[in-house]
Amino acid sequence: MAMPSPRPERLRLAVVGERLLEALIRLCGVSAIVFVAAILFFLFREAAPVLFASRFQIGEFLFTTEWYPTSISNVRYGTLALTAGSLAVTALAMVIAVPFGLGAAIYVSEFCGPRLRETLKIVIELLSAIPSVVWGFIGLTVMSKLIVRFTGAPVGVNVLNGGIILALMSVPIIVSIAEDALKAVPDSYREAGAALGATRWQLVYRVLLPAARNGLLAAVLLGVGRAVGETMAVLMATGHAVHVPHSLLDSVRTLTANIAAELGEAPAGSDHYRVLFLTGLLLFCITFVVNLTADLAIRGIRRK
Amino acid sequence: MTRARFSTLCRKVPAWLAPLAVAAGLAACGKSDSQTETGQPAAKKAIIQNKGSDTMVNVAQVWAEEYQKVAPDVEVEVSGGGSGVGLAALNRGAIAIANASRDIKPEEIEQAARNTGKVPKGFIVGYDALAVYVHKDNPLSEISVEQLAQVFVEGASIARWSQLGVKIPGVADDTIVLVSRQSSSGTYEFFREHVLGKRDFRMGSRDLNGSKEVVELVGSTLTAIGYSGMGYATPAVKKLKLSPKAGAPAVEPSVENVTNKTYPLARSLHVYTLGEPEGPVKQYIDWMMSVTGQKIVQDAGYVPVPPAQPTKP
């Protein structure tokens, strides 16, 4: 006996629609991989001719400090000073931003009252909406004067300035993601902790932080990513000098700022242009290694 | 009922029209682009894209504004970036006029020929002295070109003010803070060619993105030295007198000394077009050379082209 289906064509439509939607969503998911691969391919394609040229030495590119892309007599492409500049500024930014960001997230999520929490969240989100040019301008005009006044440095645009500006830029990201991670810890954990007589701080330190560590690490990593990749603000705040920094008050140039400043004039297809793409590739590798190490670290913790 | 349906229709319409609007917008953009490239007089408004030298960007801006009053149907869009950036854009055929504070290089002419099949044509629209700036409280008042090279060159022998016989008041560390320009700047290349003798700059200089920024940083840093167009002087800085050789009398970067060519770092300011300019572009360049146009050059702190001298590339 055949089942009388009420509206077979409608059912079929629903099935087709569902399939279609599923395919679409799958496409969205996969597209992220496609985009990353495409960007990597593009970077590599633009950089490859110089990377495999015999006149180009990768060791010189990575480990010498002389960056003279437009020299008339002796062109040299050494990026060590630029890499050191990027790392110095990012490291300082993280030293400032991570304790502040995680502290703020813990306070917002665990300690403050609901009204204050809403206000704080709105203000923090507002902070992340400030464009990076504005941050750079603050670094160039306000921060640099303060640094000159309080440290006696001859020039106020330096590692310290760039680090503080980048810290201010990455704190909002760290706070909002870390706060989400802490919120995602089930309330039963908190209740169980409280029932065992833990103080609020013990609860945070012993229960919530370990439970939320993946999310917290993701928050820190996104902060690092923002700091490494930031261009405009560091271009303005770090002084743009090719120089391996010896102190916080030295001016530096970062990989990103260097690409931004020089790609416009490098004739397409020239060695200089290709080397700039190679620096892009280097930047990509640095972020990739940071992410990978963090990922492995998390897995290591989890296995224990 | 009908009203409700009408309003839903209204709400739907923009969504349907959006692609059309975008297409129309693109078409309009494409149109204005082609006008710029050919430089032909347009039905409504001709747009002249003008890009390049940061030294000249102030002058170019005033030119553009004043020309609007003379020829309301022509709009000039000005941007900076450096002489190299301007000439690179010209050689791609992206802009109509490039400003340059240096001469065009042979390879740039080649590049233009390869991309567009045209040869860039240059006009001298004014003169500038590349001034050497120090902080106004710096006791130094003159320097020779050789000393200047020894301050800025790679492997430099002069790193402290005391080596120039100068004591900066109220400063413990008298290391010279070098303020330079990014490598796409014509000023950077002019300095490298005429002061450093094509040698390289010392590493660790602050390479700033504009003429104005150089003067600003020098003006706020007691131990700094930098170079920039003479038109950018402010009360916070001092222009050094420059002697061509050690022992020779030092010459001030003034209009007079640029005109009589005694100042060692005098240079010409150029505009370049692809091929012989025509239409609005030609009219605009002719107007730059007119009394009004040259008055603007002078007001910006540069040296106008003497009226007797015919313009040549």
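Can you find a residue that is touching a strand residue (DSSP E or B) at 6+ places or on another chain (Cβ under 8 Å) and either crowded, with 18+ Cβ neighbours inside 10 Å or more than 14 Å from chain B (Cβ to nearest Cβ) (or both) anywhere in segment A:162-173? Within segment A:162-173, one or more residues are touching a strand residue (DSSP E or B) at 6+ places or on another chain (Cβ under 8 Å) and either crowded, with 18+ Cβ neighbours inside 10 Å or more than 14 Å from chain B (Cβ to nearest Cβ) (or both).
Within segment B:205-218, being at the interface with chain A (Cβ under 7 Å from one of its Cβ atoms) and charged (D, E, K, R) holds for B:R206, B:D207. Of the residues in segment B:275-285, none is under 27 Å from B:R192 (Cβ atoms), surrounded by 22 or more Cβ atoms within 10 Å (Cβ to Cβ), among the aliphatic types (A, V, I, L, M) and touching a residue at least 40 places away in the same chain (Cβ under 8 Å).
Within the span defined as segment A:59-67, one or more residues are within 14 Å of another protein chain (Cβ to nearest Cβ) and surrounded by fewer than 18 Cβ atoms within 10 Å (Cβ to Cβ).
Scanning segment A:108-118 for any residue that is of a type in the set (F, W, Y), away from chain B (no Cβ under 14 Å) and crowded, with 20+ Cβ neighbours inside 10 Å turns up nothing. You will find that of A:A23, A:A48, the residue that is of a type in the set (G, A, S), assigned to a helix (DSSP H, G or I) and over 30 Å from A:T279 (Cβ atoms) is A:A23 and no other.
Looking across segment B:62-91, the residues that are free of Cβ contacts under 8 Å to residues at least 24 places away in the same chain and over 18 Å from B:R181 (Cβ atoms) come down to B:A64, B:E65, B:Q68, B:K69, B:P72.
Against the conditions (1) out of contact with any strand residue (DSSP E or B) (no Cβ under 9 Å at 6 or more places or on another chain); (2) more than 26 Å from B:N115 (Cβ to Cβ), B:E65 satisfies every one except (1).
Restricting attention to segment B:159-205, which residues are assigned to a strand (DSSP E or B), closer than 25 Å to B:D54 by Cα and of a type outside the set (A, V, I, L, M, F, W, C)? B:S180, B:R181 - these are the residues of segment B:159-205 that are assigned to a strand (DSSP E or B), closer than 25 Å to B:D54 by Cα and of a type outside the set (A, V, I, L, M, F, W, C). Scanning segment A:264-273 for residues that are modelled with pLDDT of 85 or more and touching a Phe, Trp or Tyr at 6+ places or on another chain (Cβ under 9 Å), we see that the one that is farthest from the other protein chains (Cβ to nearest Cβ) is A:D271. Note on segment B:54-158: enclosed strands (runs of 3 or more DSSP E) holding 3 or more residues that are in contact with a Lys or Arg (Cβ under 9 Å, 6 or more places away or on another chain) and buried (at least 20 other Cβ atoms within 10 Å of the Cβ) are B:74-81, B:97-100, B:120-135. Pairing residues of segment A:255-277 that are aromatic (F, W, Y) with residues that are buried (at least 18 other Cβ atoms within 10 Å of the Cβ), at Cβ distances under 6 Å and at least 6 apart in sequence or on separate chains, gives A:Y273/A:A266; A:F277/A:L43; A:F277/A:E46; A:F277/A:A47. All conditions but one from (1) within 11 Å of chain B (Cβ to nearest Cβ); (2) over 16 Å from the mean Cα position of the chain (by Cα) apply to A:L296; the one that does not is (1). Can you spot a residue in segment A:202-221 that is at pLDDT 90 or above and hydroxyl-bearing (S, T, Y)? Scanning segment A:202-221 turns up at least one residue that is at pLDDT 90 or above and hydroxyl-bearing (S, T, Y). Total residues in segment B:227-252 satisfying the condition of being within 23 Å of the chain's Cα centre (by Cα) and small (G, A, S): the figure is 5.
When you check B:V134 against the structure, is it under 23 Å from B:G229 (Cα atoms) and touching a helix residue (DSSP H, G or I) at 6+ places or on another chain (Cβ under 8 Å), yes or no? Yes, satisfied.
Scanning segment A:222-237 turns up at least one residue that is facing another protein chain (nearest Cβ under 10 Å) and at pLDDT below 90. A single member of B:K44, B:K51, B:K12, B:K31 is over 30 Å from B:F190 (Cα atoms) and either in contact with an Asp or Glu (Cβ under 9 Å, 6 or more places away or on another chain) or modelled with pLDDT of 90 or more (or both), and it is B:K44.
Looking at A:A53, A:A23, A:A48, just one residue is closer than 30 Å to A:A266 by Cβ, modelled with pLDDT of 90 or more and of a type in the set (G, A, S), and that residue is A:A48.
Quick grid of which residues meet (1) in contact (Cβ under 8 Å) with a residue 40 or more places away in the chain; (2) part of a helix (DSSP H, G or I); (3) of a type outside the set (D, E, K, R):
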{"site": "A:G103", "(1), (2), (3)": "no, yes, yes"}
{"site": "A:Y107", "(1), (2), (3)": "no, yes, yes"}
{"site": "A:I122", "(1), (2), (3)": "no, yes, yes"}
{"site": "A:I130", "(1), (2), (3)": "no, no, yes"}
{"site": "A:V133", "(1), (2), (3)": "yes, yes, yes"}
{"site": "A:F137", "(1), (2), (3)": "yes, yes, yes"}
{"site": "A:L140", "(1), (2), (3)": "yes, yes, yes"}
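Could you look through segment B:179-204, keep only residues that are over 20 Å from the mean Cα position of the chain (by Cα) and facing another protein chain (nearest Cβ under 7 Å), and pick out the one that is surrounded by the fewest Cβ atoms within 10 Å (Cβ to Cβ)? By that ranking, first place goes to B:K198. The set of residues in segment A:240-256 being within 21 Å of the chain's Cα centre (by Cα) and facing chain B (nearest Cβ under 10 Å) consists of A:H240, A:V252, A:R253. Just one of the numbered conditions (1) crowded, with 17+ Cβ neighbours inside 10 Å; (2) more than 9 Å from every other protein chain (Cβ to nearest Cβ); (3) closer than 21 Å to A:V75 by Cα is not true of B:A233: (3). What number of residues within segment A:51-62 satisfy the criterion of being under 26 Å from the mean Cα position of the chain (by Cα) and either aromatic (F, W, Y) or not in a helix (DSSP H, G or I) (or both)? Count: 1.
The values are calculated or read from the model by the stated rules, or taken from the named source; none is laboratory data. Remember, predicted model here, so these are calculated numbers, not experimental data. Neighbour counts are summed over all protein chains in view; Cβ atoms, including those assigned to glycine, are modelled from backbone coordinates with ideal geometry.
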